[in-house]
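**Q** Pasting a structure here, questions to come.
The values are calculated or read from the model by the stated rules, or taken from the named source; none is laboratory data. Just so it is clear, the model here is predicted, and its values are computed rather than measured. Heads up, the Cβs are rebuilt from the backbone with ideal geometry, glycines too, and the neighbour counts pull from every protein chain shown.
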Amino acid sequence: MLIKIVWRSFKKQLSNYLIFFFSLIFAVMVYYSFTAMTYEQPLIRSAGKNTQLVGMLGFGSFAVVLILLFFMTNTNRFFIGNRRKDISIFHLYGLNYYQICLWFILEIFFIGIFSFVIGIGAGVLLSKLFSMILVKAMALPLRVHFFFSTDAIVATALVVLFILAVVSFQILWLVSGYKFSHLKKLRLRKIQAMKVSLWQKIAGVIGAIFLFCGWGMALTYITFARTVSAQFGLLEGNALLMGLIFLLCVLGSYLFFAFTLRWYNSYRPKRLNKNLGMLSRSEWQLRLFGEWRFFGSITVALGLALAILGGMAALVSIQIRLVNEVAPASVMVTQESYQKLAPKLQSVAPYQRQTLHLKAVPAKQSVEISGEGVNSQPEITDMVSLSDYRAFQKTNPTLRDIQLKSVDSTVVLSSYQRYLNDYTHYSKIIYLKNQKLKVQETHPNFFGDTSLRYGTGMIVVSDELFEKTPGISYALEVIDVENRFEDKLNHLIRENLKGDWDYPVHYDLKWKNQQIVGDIIEGEGAKKDGSTIYRSEYTSYQDVYRATRSSTGLILFVVTFVTTTFIIVTASMVTLRQLSEFKQKRKKYGLLRQMGIPEKNIYQEIKRENRVVFFIPAILALIHSMLAISVISHIAQNANYGLVYLFCGLILVVYTLFYWTTCVYQKKLL
């Protein structure tokens with residue numbers, strides 16, 4: 001008899017276990033695939049050491065483990081709480097505490113091991129697909145073959161066993177809290193849930209204030225950032241402000257579900273008498289009393305996941321754009337090294353060649369970075385004539401059009417413009433040795449790799465001023481070929497050039513009596529004072545592109561799959577709770593039908609409750625993430641955040657799909 005009762009109890013939970021089962025299979029499959037790729041030697045050798053493939057995939061695997069722990073502990077807590085009546089019945093039939101725990105642990109182990117077997121099978125079958133996606137994302141010249149890793153299976157098995165062990169200890173702790181008096185306490189808690197005391201209303205107001213303060217600070221981030229940067233420094237101030245916004249949003253989210261929404265649902269206007277609206281609010285109020293931590297955790301975790309994705313997307317976008325900025329042509333090479341290549345370049349003909357004439361000159365421009373003070377010391381600055389700038393603009397279309405208003409006007413090309421534009425202020429005057437220049441505009445520096453030049457900054461001047469300004473003259477050769485000749489050109493470059501750092505200049509510059517003192521000399525210099533700067537030999541578009549594509553493709557691959565796994569897992573957790581709660585409410589819906597309420601109205605009530613449970617946390621998380629992206633965009637203004645917006649849409653699509661599935665299944669159970 002006892003065995004029949006235990007078996008019947010398990011079968012009642014079987015439909016809930018199916019969602020748990022499929023979500024666990026998906027997570028195991030992703031973990032195995034990530035782990036298997038770390039053992040795939042052809043992939044690791046092709047990726048090279050610079051991409052840190054093993055480390056990044058290991059990070060992805062670790063993130064999946066955390067997601068699995070979050071999923072299984074939350075789901076297990078819900079399962080145990082949902083079977084409190086079963087626990088009481090088992091006690092009545094003479095089962096002691098350890099026997100009940102053992103039965104629940106055996107259930108979880110059975111589901112976990114079964115999921116592991118199927119998940120490993122799916123991972124083995126789909127591992128080639130995962131590897132193909134990674135190879136494509138990293139642009140690796142590698143043909144992917146079917147790969148089976150026993151080491152990855154062992155590693156995945158150990159992780160699953162560890163998680164099941166954690167869940168087992170959780171079962172021991174949770175079951176110990178359920179006594180015979182628990183059901184009576186539960187009824188008292190339901191009565192308490194329908195009352196909102198004064199202090200709870202105050203907490204609800206505080207939660208709303210926290211949310212609006214966090215959102216407001218995010219929307220006006222740059223205003224607050226400049227203030228705190230001036231007080232604490234650029235990095236420290238921004239970190240402190242971001243931490244404060246994050247804390248306000250986290251606390252506000254939990255308080256919002258615990259008290260603000262409960263207080264709102266306690267208000268029941270007369271218009272709610274239609275279409276069971278009063279019942280819907282009562283159910284939601286009761287639900288929030290016991291599950292506000294769950295909804296708050298889902299909201300915070302989803303928002304944080306999308307914020308991290310936004311940061312990674314910004315990093316990847318900037319790195320991809322840097323390819324064309326650092327290497328705007330097939331090859332940029334020093335004029336001295338070009339002489340070695342010139343006789344052999346006919347083998348990659350036709351090619352286009354352009355000579356850029358530059359000068360390294362002493363110059364002083366005050367640059368103020370919020371929280372970091374003012375840099376007003378003289379430095380080496382590279383100078384280029386307007387005619388050479390416009391000629392190079394034909395090869396490098398990212399350069400902006402420039403029109404100088406006078407002979408002594410200049411345009412500054414600054415590397416800060418790409419990242420810290422809102423925090424950087426430039427003086428309107430640049431001092432040369434014997435002349436002052438008026439700064440007309442400041443643009444981002446897209447003039448190629450800075451390692452090919454001497455200066456920390458760059459200015460565009462008129463041809464007349466360029467000719468008469470003294471300085472160390474040097475030239476760069478810009479070589480551009482068609483895409484089909486890129487490999488041949490780079491092979492020629494690697495055969496004839498070593499990529500050394502050479503052509504040093506020494507400088508010792510100071511600012512005294514409103515003028516620049518000191519000079520720039522070629523060579524390393526005999527004086528110990530000052531600094532020596534070297535230039536690199538060449539920059540290749542193909543080399544820069546491959547290195548950047550490998551690292552950014554790897555980051556996108558890992559972050560994309562981890563975020564997708566998390567979205568699916570959280571949606572399945574909400575679905576699991578809704579289906580389980582629905583089975584307990586079937587008698588209530590049957591009673592409503594007996595009272596003459598049409599089935600259509602009952603189904604509308606079910607859909608209304610599902611919409612609230614699925615979409616309020618999701619929409620609140622989307623608001624958090626969109627505001628987090630707006631904060632990140634103040635630091636990385638030129639980044640592309642399309643991937644994050646895509647995942648915001650993915651959240652809505654996944655949650656809508658799970659919502660629709662839940663509603664359809666519940667309708668069949670009516």
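**Q** Looking only at segment 469-490, count every residue that is under 38 Å from the mean Cα position of the chain (by Cα), surrounded by 13 or more Cβ atoms within 10 Å (Cβ to Cβ) and outside any strand (DSSP E or B) and tell me the total.
**A** Number of matching residues: 4.
**Q** Got at least one residue in segment 549-556 being touching a Pro at 6+ places or on another chain (Cβ under 7 Å), in contact (Cβ under 8 Å) with a residue 24 or more places away in the chain and either not assigned by TED's automatic domain parsing to the domain that holds residue 359 or not in a helix (DSSP H, G or I) (or both)?
**A** First, the residues of segment 549-556 that are touching a Pro at 6+ places or on another chain (Cβ under 7 Å): none.
No.
**Q** Any chance segment 582-599 includes a residue that's surrounded by fewer than 18 Cβ atoms within 10 Å (Cβ to Cβ), in a helix (DSSP H, G or I) and under 33 Å from the mean Cα position of the chain (by Cα)?
**A** no
**Q** Checking the conditions here, which among 248, 241, 188 is part of a helix (DSSP H, G or I) and modelled with pLDDT under 85?
**A** Working: 248 fails: modelled with pLDDT under 85; 241 fails: modelled with pLDDT under 85.
Only one candidate passes the filter, namely 188.
**Q** Find the residue count for segment 447-468, including only residues that are of a type in the set (A, V, I, L, M), over 24 Å from residue 341 (Cα atoms) and outside any strand (DSSP E or B). Please lay out each step first, then the result.
**A** From segment 447-468, those of a type in the set (A, V, I, L, M) are 452, 458-461, 465; that's our starting set.
Imposing the further condition that a residue be over 24 Å from residue 341 (Cα atoms) reduces the set to 458-461, 465.
Checking the rest, the ones that are also outside any strand (DSSP E or B) come to 465.
Counting residues in segment 447-468 that are of a type in the set (A, V, I, L, M), over 24 Å from residue 341 (Cα atoms) and outside any strand (DSSP E or B) gives 1.
**Q** Among the listed residues 389, 351, identify the single one that is under 14 Å from residue 476 (Cα atoms), aromatic (Phe, Trp, Tyr) and touching a Phe, Trp or Tyr at 6+ places or on another chain (Cβ under 9 Å). Can you show your working first?
**A** On the way: 351 fails: under 14 Å from residue 476 (Cα atoms).
Exactly one of 389, 351 is under 14 Å from residue 476 (Cα atoms), aromatic (Phe, Trp, Tyr) and touching a Phe, Trp or Tyr at 6+ places or on another chain (Cβ under 9 Å), namely 389.
**Q** A follow-up question, please. Might you check whether a residue that is modelled with pLDDT of 80 or more, touching an Asp or Glu at 6+ places or on another chain (Cβ under 7 Å), in the same structural domain as residue 505 (by TED's automatic domain parsing) and not in a strand (DSSP E or B) occurs anywhere in segment 365-373?
**A** No, segment 365-373 has no match at all.
**Q** Let me ask something else. When residues of segment 307-357 are filtered for being of a type in the set (Val, Ile, Thr) and either more than 21 Å from residue 552 (Cα to Cα) or outside any helix (DSSP H, G or I) (or both), how many remain?
**A** Of the residues in that region, 5 qualify.
**Q** Hey, another quick one. Out of 566, 561, report the one residue that is outside the structural domain of residue 34 (by TED's automatic domain parsing), of a type outside the set (Lys, Arg) and surrounded by fewer than 22 Cβ atoms within 10 Å (Cβ to Cβ).
**A** Values: 566 fails: surrounded by fewer than 22 Cβ atoms within 10 Å (Cβ to Cβ).
Selected residue: 561, the only one of 566, 561 that is outside the structural domain of residue 34 (by TED's automatic domain parsing), of a type outside the set (Lys, Arg) and surrounded by fewer than 22 Cβ atoms within 10 Å (Cβ to Cβ).
**Q** Would a scan of segment 285-298 turn up a residue that is of a type outside the set (A, V, I, L, M), modelled with pLDDT of 75 or more and either within 30 Å of residue 432 (Cβ to Cβ) or surrounded by fewer than 16 Cβ atoms within 10 Å (Cβ to Cβ) (or both)? If you could, list the steps in order and put the result at the bottom.
**A** Kept after step one, since they are of a type outside the set (A, V, I, L, M), are these residues of segment 285-298: 285, 287, 289-297.
Add one more test, that the residue is modelled with pLDDT of 75 or more, and what stays is 291-297.
So of that shortlist, the ones also either within 30 Å of residue 432 (Cβ to Cβ) or surrounded by fewer than 16 Cβ atoms within 10 Å (Cβ to Cβ) (or both) come out as 293.
The answer is yes, given that some residue of segment 285-298 is of a type outside the set (A, V, I, L, M), modelled with pLDDT of 75 or more and either within 30 Å of residue 432 (Cβ to Cβ) or surrounded by fewer than 16 Cβ atoms within 10 Å (Cβ to Cβ) (or both).
**Q** While we're looking at this one, here's another question. Those residues that are of a type in the set (Ser, Thr, Tyr), in a loop (DSSP other than H, G, I, E, B) and at pLDDT 85 or above, I need them from segment 395-426; list them, please.
**A** Filtering segment 395-426 down to residues of a type in the set (Ser, Thr, Tyr) leaves 395, 398, 406, 409-410, 414-416, 419, 423-424, 426.
Applying the additional criterion that residues be in a loop (DSSP other than H, G, I, E, B) yields 398, 406, 419.
Residue satisfying the conditions is 406 alone.
**Q** Next up: Assuming residue 345 fulfils every condition listed in (1) modelled with pLDDT under 80; (2) surrounded by fewer than 21 Cβ atoms within 10 Å (Cβ to Cβ); (3) assigned by TED's automatic domain parsing to the domain that holds residue 514 apart from one, which condition is it?
**A** So the condition that residue 345 fails would be (3).
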